[in-house]
Each structure stands twice: as structure tokens, then as C-alpha cells.
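Below you'll find the structure, written out as C-alpha cells, and then a few comments.
The values are calculated or read from the model by the stated rules, or taken from the named source; none is laboratory data. Predicted, not measured: the structure shown is a model, and the values here were computed from it. FYI the Cβ positions are ideal-geometry reconstructions off the backbone, even for glycines, and counts take in every protein chain you see. The accessibility values were calculated without ligands, DNA or RNA, using every heavy atom of the protein model including side chains. Shrake-Rupley method; radii C 1.70, N 1.55, O 1.52, S 1.80 Å.
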Amino acid sequence: MINSIQVLVVEDDRSVQNLIATTLKINNYPYTCVSTGKEAIQQCTSLHPDVMLLDLGLPDMDGTEIIRTIRSWSTMPIIVISARSEDASKVQALDLGADDYLTKPFSTEELIARLHTTQRRLSYLKRGEAESPVFHNGPLKIDLSLQEVSIHGEIVHLTPTEYKLLKLLAENVGRVLTYTYLTDHIWGGGISSDKISLRVHIATLRKKIGDAETDTPQIQTHMGIGYNMIRYAPEGTPVNSAENP
Ligand code: CA
């Protein structure tokens, strides 16, 4: 079955580009490969891809510059591909609005898993669930109008900060949010906007929603970068139906 999402691959390293192209071909993803930032922006306006896989170190411009340009008109998911040595630019890329990242060297399974996550997020956005006052993710339910959170139908009592954090992660489900993004949105860059208090709030939030005792945790940690909420199909729905709408 041909996947419905068109992938734009922006990578100047031939061997990495070939690996990605082969993986996409095997998994039936339509794709286009380019190796410069200029071509990437051109293809975005002519091809209208659904997802971009973006290498940060390109010969003609920095990948972060491309994200900045594209985000001025599009919310298309961008998955950054970077070398371990580019950790600072990875965080910068996420702050500028990239959705996820892959660190080189990555496995083809990892690449496909990220695409599946993005696909689930796209289908979720298309279904318009984001507009609904009730957010579902596996056993988690957030009633935004009542500001009520429940897990497997059991009400969870959260502090206002924990609720704000959970809501922010839910609104961006599948997307990696950096420490800076989270602290800026929760505390507006105020006095308590440090990583340590963020970590404490995340830890208590996780405990309350039962992340430690389940094999389907809601919140995923990205060491030195931030957190994301993992997308699950609503309880009782097989995950495949969300993956292949
Ligand atoms: Ca490169």
C-alpha cells in the first residue's frame, strides 16, 4: 500500500541520503531528495510535501534558517536530522518549531517510527480532534472545558502548573518541546522558570498519571533537550486504525 504522505528529504551527505531513500522506498513512501537549503525551500513551495526530513548542516545554509523560513508560512511537520555534535542547534531547531529529531547514526526502524508518529499526528489534526474540548490519548482523557483529567476513567487531581504542563504537551502531542519552550509557556520566563523546577513538576505529573507503572507512558524524556507526549489511539481502538486512516 502506498502511503499518503509525501516526504521531502534534505540531506547533502550522499550515503545518509541513500539510506533514507532506500528506507522510504521499501516502506512505500513517496519522496523527493534534495541536497541544498535553496532546493529545499523551492521544493516546499512547488511540491507541498507533508513532512520534511531536514539535515541541519547543509552546504549553502544552516538548517535552522530553513525552519525559520518555512515556519513563516507553513506548519508542515519537520523532523531534524543532526549529528551528535550539533546538540545546541538541535535544541535551537526545536525552539524554532521543528517537531522531532533523529540523531546520526540512526536506524531505519527509528526513521520509520518517527514517520509513523508524524502520520498519526497529521491524521489527528485532520480529523479536527484538536478543536474538540475533549482530548483522548490512550487511557488519558483531558476535558479542556472542565479542566478535568482522568486516566482509565479515574479523575486525577493536578495542580494548576501540572495541568498547564499536561495541556501544553497534549496540544503538541508527538512533538518534542524543549525546556525553554516549556518554561516560557508555563512561567513566561519568570523567576521559577528553571529546568530543575520543570523536572520536579514533570516528575510529580508523571507519578499522578501513573506513567511509572505502565508500559504505555504518556510523557517521554529527551535527555538534555525536553519532553514530548507520545501519541496513542484512544482506549479500545487498535493503534493501526490511527496509523492507516
Ligand atoms: Ca550535512
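Comparison of Asp60, Asp55 shows that the only residue that is exposed (fewer than 14 other Cβ atoms within 10 Å of the Cβ) and within 15 Å of the ligand (Cβ to nearest atom) is Asp60.
For Asp12, the conditions (1) within 16 Å of the ligand (Cβ to nearest atom); (2) outside any loop (DSSP other than H, G, I, E, B); (3) not β-branched (Val, Ile, Thr) are fulfilled apart from (2).
Taking Thr23 as the residue in question, decide whether it is within 17 Å of Thr118 (Cβ to Cβ), at pLDDT 95 or above and among the polar types (S, T, N, Q). So Thr23 passes the test. Taken over the range 63-75, the criterion of being buried (at least 16 other Cβ atoms within 10 Å of the Cβ) and within 16 Å of the ligand (Cβ to nearest atom) is satisfied by Gly63, Thr64, Ile66, Ile67. The condition (being within 16 Å of the ligand (Cβ to nearest atom), open to solvent by less than 60 Å² (accessible area, probe 1.4 Å) and touching a residue at least 40 places away in the same chain (Cβ under 8 Å)) is satisfied by just one residue among Ala83, Ala98, Ala40, Ala21: Ala98. The lone criterion from (1) more than 16 Å from the ligand (Cβ to nearest atom); (2) open to solvent by 10 Å² or more (accessible area, probe 1.4 Å); (3) under 21 Å from Pro30 (Cα atoms) left unmet by Ser150 is number (3).
Of Leu158, Leu115, Leu146, which residue is hydrophobic (A, V, I, L, M, F, W, C) and either touching a helix residue (DSSP H, G or I) at 6+ places or on another chain (Cβ under 7 Å) or at pLDDT 95 or above (or both)?
Details: Leu115 fails: either touching a helix residue (DSSP H, G or I) at 6+ places or on another chain (Cβ under 7 Å) or at pLDDT 95 or above (or both); Leu146 fails: either touching a helix residue (DSSP H, G or I) at 6+ places or on another chain (Cβ under 7 Å) or at pLDDT 95 or above (or both).
The unique qualifying residue is Leu158.
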